[in-house]
Every structure is written in structure tokens, then in C-alpha cells.
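Worksheet: the structure to be examined is printed underneath.
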Amino acid sequence: MKELRFSYEMKLTFDTPIQKHRFTLKCMPRTTARQEIADLQVAVFPEEFLEEDEDSFGNRCIFGHAEGLHDCFSVKMTGCARTGLHDREPAGELYRAGMYRCQTDYTRPGERLCAFAEQFSFAPEDSNLTRAMTFMERLYATFSYVQGVTDIYTTAEEALALGKGVCQDYAHILLSLCRMERIPCRYVVGLLMGEGASHAWVEVYEDGYWIALDPTNHLVVDDAHICISTGRDYRDCTINQGVFVGNTTQTQEARVSVWEAGV
Amino acid sequence: MREVDLYRHTDTVNELLARYGVKFGIYKNNEFKEQLFPFDAIPRVIGQEEFSYLEKGLKQRVLALNQFICDIYGAKQIIRDKVVPEEFVYLSSGYLAQCEGVMPSKGVYTHIAGIDLVQGKNREWYILEDNLRVPSGASYPMIARELCRRSSPRTFQDNHVEDNRNYAQLLRAAMDHVNTGGHTVILTPGRYNAAYFEHSYLAEQTGAHLVTGSELTVENDHLYFMDYSGRKEPVGAVYRRISDEYLDPMNFNRESVIGIPHIYDIYRKGNVALLNAPGNGVADDKGIYYFVPKMIRYYLGEEPILQNAPTYLPFYEEDMAYVLEHFDRLVLKDVAEAGGYGVVFGSGMTAQRKAEFLALLKKEPRRFIAQEVIDFLDIDIMEGQDRVPRKADLRAFVLLGEEPMVWKSGLTRFSRDPDSFIVNSSQGGGFKDTWVLSQ
């Protein structure tokens, strides 16, 4: 168990001003079996219209819009999280997790992934977790963490063909492999101690619970991770999504820090 | 039925239809073309008793479909009880994970259903397809009837035909039933849409505003219509004639410029009604069609009144064996396609094409359904001065308000080509009025 403090700052700058800006932010972590969130402060600029609700995956969302011209959009969030309260999240009965066993556009396997999956053979009694951890181990050994070679549109198949990528790619590949085994699994976006940016990992269904695995770091998630949102893939968990009117070039800066309270 | 004076007026009615702009648009080779929808004056006639049987069957079917959709996005009992395999649900193109946990206003997912039926030579009716997403076509028999009355008033004095001009009232009742407070609007993607005539006609007939996405805006968790003076009026129901995909760029296709950002989020909160409800396409998938009789038994505890065309799912091994054995007499449909596309007849294939198709079928069995070719009861059309038989289907419209309502008419489409079974307007078919006799 840990007491963590976190801050998340994101700023979009537009070289020519935009208007009629609509956005959805999924940046706020929520209290779950594994983590307790307190003192959450969120500031959004511009803050003309802001509403809050959950999406169909249970993630907290801010829906907003800014009508007038603006050349900057920013979000600042701080809060505390008690993590590692449990080692798993309740997931309900298997039939309710069915949508998480189906491949999505990001995870649908092509030749590379199918070939990669062929090197594994499991005994019928191997649990979902055993299978997922075997995949994770092999993936960690063969895939390299390299920034800048993939982007937010890169699919699991494309990333595997490259042999390198970032946390999003590790997560999508692991999801794809698990789903080939018909294991329900979710994509997770969150924050990690020592990471300067948001992070992504995976949860695997095991006996009515979600167990979190971080394939980028080859570990079972304990108390250094703060979960923000879950979904079928990156798309369901996009932190900031928007549409606006304006012909502009945008630059994004994001800064994350997570540290132990009192340290 | 007495001798019908109307048949002599086919040309007049077609001229009037052209004058009123009764057209549909199609894209071919990236070009937008508007086509007239050829009208044939010989109506399809359905007797009172026969229609009341269809009516019962259609109501039953739509109630079960609606319950299925509520269940899929809610408790998922039918999956738990293994009546419908989960892959048919989650891999159907109409399934939207964004609808999980959503209960639309008054629990209605299928406000307007267009159910396609055919009559076999044995006089039995079979359901061919359930169109639940954005079914179109009601406006054509509505206006055709109006114009027929004008060109041949005598016909309707001599024959006791149920008035079909009440479609607008039925639609209005379905819209008002779910309205969350505010105006009712019909949302069109614009004049380049295939069914634009219908959008404007239905708006006029129901008294709803005809709007495009840019005239609607979400503010303070509610939907507003902006009029020309810039005034904002609250909207409580949107009969949207754009597909789920383009409805809201924040939730579905991010590239959509015809949608309304955040409309889906306020719909989830119950602050506006969307007709038809997003995600309902999960029940009109051709793969799910196979399971509709099972749904009727499962949810309603009743035997289905109307039958499906005999259908096989190659997904099941025994059905696959049947399909392989009887391939030459079956029709195969790609579950992902619509509008008469992706339909192939086993008998019409060359040896090479057949080998390729079978390889694909074995590789992706879930992608196809196979059906017995129904020996359609042909109905006559006028070709010049001659009556000639043609294949035809019937799209019945079922509206779900407080109760299900079946419109006492329907769109009868026919194939102009004597050798074709495909009646879709996008493939050059024509249409007829459908008379339901009142006595």
C-alpha cells in the first residue's frame, strides 16, 4: 500500500486561434477496490461550459466547450491516491465481460501476430493469468521500448512488425494475444511513479476479477500505478479528445508526476 | 376487387412523382446521381384478415427485438443463458460498446422498424430482414397514394382501402412518446443523401423541423435548435436520419462533420431522445436474424407467428455441413453488407468462383448466412400495355410508442428485371403502393 500524490498537466497550443471547441476529458481517476482517490482538483482553461458524467465503461468524463477564439487549452489536475488496497478489481461474471474478448481495430491480429501467437502452447488447465504472463514475458524479451517510432494510430500488428514502440503498443499487443486465447482483457490508462507521462497497461480477467499487468515493465501491477480509465483499447481511454473550427497547427505538452506523500 | 381505373394512370402518377421530386440519390463511381423511383400502379393488395395476421406477427417480432437490445446493453441474460452466442453480438457491426448500460427514454430502442417480408408461392409470408437502424421508404407509398387518389379518385371509391396517410400521425406518436421535453426535429445529412426527399416529406407531414447537424448544439447538458435569428429552442426528440457512426464525432467516427458533438453524452443522461436509438443495429445484423425466433420464445414465451426464411449459420458445424452439401440451391449473404450487396446465389457461380467462395466461407464462417431460395409469389407489374409477373417484397413499418403500431400499408418493391430476385431501389428496382383492405 502507498499514499501517492499526483499531478497531471496538459497544454495544447494553437498557432492560430480556434473556436467552437468541443472536448471530452477522461483524465480523472476514480475510487475503486484497488485505489482510493482524494483531494482531486481539476482546472480546465477555457472553462466556459463544463459538465461531468461517466462513460459506458465507468470512466469519469468532463464534457466541455469553448465557443470563442482561443489559442491555448489546458488541464491541470492534482490529487492523492491510496494505492494497492487490493491486488485485483471485481469484474463480475464471465458472460458480462464478453466484449473484452473481442478484437478491436487496434488489436485485430494479422500475419505477424498470428505467427507470434503460434510459438505458445498451453495446457488446458493453464489459467488466464498464466497464459497472459507467458505472453508478457515473451513480449518483453523480444519487443524494445523505443519512443517516436509509433504513434497513437499504430495498431498491435504494425507495432509488432516494427519490433519496437511504447507502452500503448505493448498493451495493444498483449491484448491481441490474450484475445486470441479468448481471454477477456482491458486496456488501462493511468499514471506510474517515476514516469513523466501517462502510462498504459492491461488488465486480464481471472475468476471474476481483473488482474493488472504492465507489459512495458514486465510486472504485475502493485501499488505504484494509479488507474485513470479502462476500455477495450486506446480509443476508449483517450485522455483528451476534441473537435474545433480553425485551420491551425497544435502542439501538445503534458507533464505527469507521481510521488509518495511525505517523501 | 373491382376493375381498377388507376392502371391507366401509371404515367400520370410517375410524372407527378417526378414533379414533386420523389427521388433517391445514389453514388456510383464517386458521382452523385438522383434517380426517379419508378412507380407501378398495380397495387399489392392484402386482405383484412391476412393483414391482421401479419400485424400480430410483426408486433410480436418488434417487441422481442426491442427487448433483446435492452438486454444486450443491460443484463445480458440471453448471453448468460447461451441462447445467442456472444460473438454474434459483439462482432456485429451494429453493436456499440458506447451503449453499454444505456436505457433510452421509455426503454425504446426500435422506434421505427422496416421489416422486409416476402410471400412464397405457398402463400406463406417469410421475414427476410429486420431493418432497425435508419429504415427508409415509408414516404414513397404515402405520396404515391396521394397522387393516385388525385389521378383516379374513382379507384378509391370502388375499393375499400385503409387510408395510409396516417403514417405521419403514427410517427409523431412514436416521437412524442419518448420526447424528453422540447421540440421534435428530423436530422438529415443533407440533400446529397439517398433518402433526402423522404426526410423533407416526413418533416412536412409530421410538423417536425427539418434540420442539419450545424443547426443543433449541446449546451448545459441539453440539446438546442438554433433558428435563423440565432434564438435557441430546446429539443426533446431527434428523429435522426444519419447513421450511428456519424452522429457524434466525440463518441463515434471522429471525422464526422455532419454530427453533433456531445449529443450522445446527453442522450446517455436521458436529456434527449434519439430515434432510432444508437446501437440498435446489433439486432438487425444478418447473423442475429437467425436468432430472432429464439428471442421471441425466450423473451415473450410465445411461438413466433411469422417465420424466418429457412436460414443456416455456417458458424455451427451441422449447418456448415448442410450448406456444403446443398450449396447449389442456397443463397449466401455476407452479414456485413446491405442494400442487396454481398448476396450470391450458389447456383449462379462458376466453378472457380465457387471454389474461392467456399475457401472464404470455411475461413470466416461467422461472416455468412445461407438461406433456402424462396419461391416468391410473383406479382404483376405493367410493362407498356402488358401485365408481366415480377419478384417483389414488402417492407412493413412497425412503430413502437406506448404500444407497437403497424402501418396499414407498406412499401412494395419489385425487380424490373424478370430474372432478378433483388428488389432494392439502389439496384434499379421500382415500387408499388400496398393496399390493406378495410373489409
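The values are calculated or read from the model by the stated rules, or taken from the named source; none is laboratory data. Quick caveat: nothing in here was measured; it's all calculated off a predicted structure. Don't worry about glycine lacking a Cβ; one is built from the backbone with ideal geometry, like all the others, and counts go over all protein chains shown. Accessible surface is based on the protein model in full, side chains and every heavy atom, while ligands, DNA and RNA are left aside. Shrake-Rupley method; radii C 1.70, N 1.55, O 1.52, S 1.80 Å.
Observations on the structure shown:
- Under 5 Å, built H, 5+ apart or other chain: amide partners of B:Ile381: B:Val388, B:Arg390
- GNM remark for chain B: springs join alpha carbons under 10 Å apart, and the peak mean-square fluctuation among B:Asp248, B:Asp116, B:Asp386 falls on B:Asp386.
- Peptide A:91-98, shielding by other chains (average Cβ, 10 Å cutoff): 4
- Shape class for the range B:310-372, computed from the alpha carbon gyration tensor (a ≥ b ≥ c): rounded, with a/c under 1.5.
- The alpha-carbon of B:Lys59 sits under 16 angstrom from the alpha-carbons of these aspartates and glutamates, leaving out residues fewer than 8 places away in its chain: B:Glu49, B:Glu50, B:Asp116, B:Glu129, B:Asp130, B:Asp284, B:Glu302, B:Glu303, B:Glu402, B:Glu403.
- Computed from the alpha carbon atoms alone, the convex hull of chain A holds 128 Å³ per residue.
- Per-residue Karplus couplings for the range A:87-95, computed as 6.51 cos²θ - 1.76 cosθ + 1.60 with θ equal to phi - 60°, are listed in order as 9, 8, 10, x, 10, x, 6, 4, 5 Hz, Gly and Pro entered as x.
- Fraction of accessible area attributable to carbon and sulfur, the range B:310-372 (%, probe 1.4 Å): 54
- The residues of chain B expose on average 41 square angstrom of accessible surface per residue, using a 1.4 Å probe on protein heavy atoms.
- In chain A, the calculated helix contribution to ellipticity at 222 nm averages -5000 deg cm²/dmol per residue, counting -39,500 (n - 2.57) for every DSSP H run with n ≥ 4.
- Choice from B:Asp417, B:Asp81, B:Asp380 with maximal GNM fluctuation in chain B (Cα, 10 Å cutoff): B:Asp81
- Dividing the mean sequence gap of close Cα pairs (under 8 Å, 6+ apart) by how many residues the range B:258-357 holds gives a relative contact order of 17 percent.
- Under 14 Å from the Cα of B:Lys76 - aspartates and glutamates, other chains or at least 8 residues apart: A:Glu93, B:Glu86, B:Glu87, B:Glu100
- Spin-label model, B:Phe32/B:Leu324: points 7 Å from Cα along the beta carbon direction are separated by 4.9 nm.
- Neighbourhood net charge (12 Å Cβ-Cβ; Lys/Arg +1, Asp/Glu -1) for A:Val166: -2
- Once backbone amide H atoms are built at 1.01 Å from N, B:Glu129 has B:Asp116 as its partners under 5 Å, excluding neighbours fewer than 5 places away on the same chain.
- Total accessible surface hidden between B and A, rounded to 100 Å², 1.4 Å probe: 2500
- The range A:49-103 - percent of accessible surface contributed by carbon and sulfur, probe 1.4 Å: 48
- Shape category assigned to the range B:338-415 from the gyration tensor of Cα positions, a/c cut at 1.5: oblate
- Positive minus negative residues near B:Glu245 (Lys, Arg vs Asp, Glu; Cβ under 11 Å): -1
- Packing here is the average count of other Cβ atoms within 10 Å per residue, and on that basis the peptides B:319-331, A:171-183, highest first, run A:171-183, B:319-331.
- Backbone amide hydrogens, once placed in the peptide plane, bring B:His326 within less than 5 Å of nothing, excluding anything fewer than 5 places away on its chain.
- Counting lysine pairs in the range A:1-159 whose alpha carbons fall under 19 angstrom apart, excluding pairs fewer than 8 residues apart on the same chain, gives 4.
- Along the range B:203-215 the Karplus relation, 6.51 cos²θ - 1.76 cosθ + 1.60 evaluated at θ = phi - 60°, assigns HN-Hα couplings of 4, 4, 6, 9, x, 8, 6, 8, 10, 10, x, 6, 8 Hz to successive residues, with x for each Gly and Pro.
- In angstrom, the C-alpha Rg and Dmax of the protein assembly as shown are 27.9, 96.
- Straight-distance crosslink candidates among lysines, where the alpha carbon sits under 16 Å from B:Lys269 and sequence neighbours closer than 8 are dropped: B:Lys106
- In the full protein context, the range A:89-237 carries 40 Å² of accessible surface per residue, based on a 1.4 Å probe and ignoring ligands, DNA and RNA.
- Counting only other chain Cβ atoms within 10 Å of each residue's Cβ, the peptide B:95-101 averages 4.
- Of A:Pro215, A:Pro184, A:Pro17, the one that fluctuates the most in a GNM where chain A has Cα springs shorter than 10 Å: A:Pro17
- Residues losing 50 Å² or more accessible surface upon assembly, the range A:26-74, compared with the chain by itself, 1.4 Å: A:Phe49, A:Glu51, A:Ser56, A:Phe63
- Mean per-residue shielding of peptide A:101-113 is 1, counting Cβ atoms of other chains within 10 Å of each Cβ.
- Ordering of B:61-73, B:306-318 by packing is B:61-73, B:306-318, highest average first (other Cβ atoms within 10 Å, averaged per residue).
- Look at the alpha carbon pairs under 8 Å that are at least 6 residues apart: their mean separation over the length of the range B:310-372 gives a relative contact order of 49 percent.
- Shape of the range A:89-237 from the C-alpha gyration tensor: rounded (a/c under 1.5, with a ≥ b ≥ c the square roots of its eigenvalues).
- Residue-averaged 222 nm ellipticity for chain B, from DSSP H runs of 4+ at -39500 (n - 2.57), nearest 500: -8000 deg cm²/dmol
- Where Cα atoms sit under 19 Å apart: lysine pairs in the range B:274-432 separated by 8 or more or lying on different chains: 12
- Near A:Glu52: Cβ cut-off under 10 Å, other residues only, Lys/Arg at +1 and Asp/Glu at -1. The net charge is -3.
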